[in-house]
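The values are calculated or read from the model by the stated rules, or taken from the named source; none is laboratory data. Just so it is clear, the model here is predicted, and its values are computed rather than measured. Here the Cβ positions follow ideal geometry from the backbone for every residue, glycine too, while neighbour counts run over all protein chains shown. These accessible areas exclude ligands, DNA and RNA; they are computed on the full protein's heavy atoms, side chains included. Shrake-Rupley method; radii C 1.70, N 1.55, O 1.52, S 1.80 Å.
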Amino acid sequence: MRRQLREKFYQGLKTLELLIAVAIVIIIVVMAGLTIYDYLAGNVDLRDISSLETFLQEMLTFVVGIEFVKMLIFHNPERVIDVLIFATSRQLVVEHTNGVETIVRIVGIGLLFAIQRFLIPEALEALKNEDSHEQHPHR
């Protein structure tokens, strides 16, 4: 009884999380469409370089939002690292920082890639092994 209640509660939370993800995707699509429309309709002065910077900021923010939605849907450590990589990369591209800050961000992105490449596969393999032992305790 208690386990069934816990399972129903968990499924309800997963459904709520999925609905939030769908809402985020809808908002991203609408806002990206409106942003592109503003640029195509001539509501933005395309001769001004700051317009390009603003456009990049907005579009890369949408990309980070999409990665966040993927993280909500697929619960695994790789998605979390992907969101961090995209968010850090976005900041690197759109912000004008001094050399030290730029190098720190580049090193941070490199560390995230290293974690994703070398540490996460080992953690996922360990989880798979634990799951197979729980499902087949006689092994």
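In this structure, ILE103 does satisfy being open to solvent by 80 Å² or more (accessible area, probe 1.4 Å) and over 21 Å from VAL22 (Cα atoms). Screening region 78-100 for residues that are open to solvent by 50 Å² or more (accessible area, probe 1.4 Å) and under 11 Å from the mean Cα position of the chain (by Cα) and picking the one that is modelled with the lowest pLDDT gives GLU78. With respect to (1) in contact with a Pro (Cβ under 7 Å, 6 or more places away or on another chain); (2) open to solvent by 40 Å² or more (accessible area, probe 1.4 Å), the lone exception for ILE120 is condition (2).
Residue count for region 39-75 satisfying the condition of being assigned to a helix (DSSP H, G or I) and either within 21 Å of ALA87 (Cα to Cα) or touching a helix residue (DSSP H, G or I) at 6+ places or on another chain (Cβ under 9 Å) (or both): 25. Going by the conditions given, is ILE73 of a type in the set (Val, Ile, Thr) and either at pLDDT 90 or above or exposed (fewer than 13 other Cβ atoms within 10 Å of the Cβ) (or both)? Taking the combined requirement at face value, the residue does not satisfy it. Within region 1-18, identify whether any single residue is of a type in the set (Phe, Trp, Tyr) and either open to solvent by less than 60 Å² (accessible area, probe 1.4 Å) or closer than 26 Å to PRO121 by Cβ (or both), and answer yes or no. Scanning region 1-18 turns up no residue that is of a type in the set (Phe, Trp, Tyr) and either open to solvent by less than 60 Å² (accessible area, probe 1.4 Å) or closer than 26 Å to PRO121 by Cβ (or both).
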